[in-house]
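As structure tokens, the structure follows; a few thoughts come after it.
Read-outs: derived from the displayed coordinates by stated rules, not from any lab. Bear in mind the structure is a predicted one, so any value in this text is a computation, not a measurement. As a convention, Cβ positions derive from the backbone with ideal geometry for all residues, glycine included, and neighbour counts pool all protein chains shown.
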């Protein structure tokens, strides 16, 4: 039971750290699609 006093705050800090890292990576453009727009130009559909 005494170990829960250490494990619960530690796990809460770990979750907040993971969320912070995710949002930091998203703000830095880590998940931007750089290849998709170039491929869409090549696959343009010019049917009449």
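At 0.36 nm per residue, and after removing the present C-alpha to C-alpha distance, how many nm does the segment from residue 6 to residue 42 gain when stretched out fully?
Going from the current span to full extension adds 7.4 nm.
Applying Stokes-Einstein at 20 °C and 1.002 mPa s to the Kirkwood radius of the chain, computed over alpha-carbon pairs, gives a translational diffusion coefficient of 146 µm² s⁻¹.
Projecting label points 7 angstrom from Cα along Cα→Cβ for residue 32 and residue 16 puts them 3.0 nm apart.
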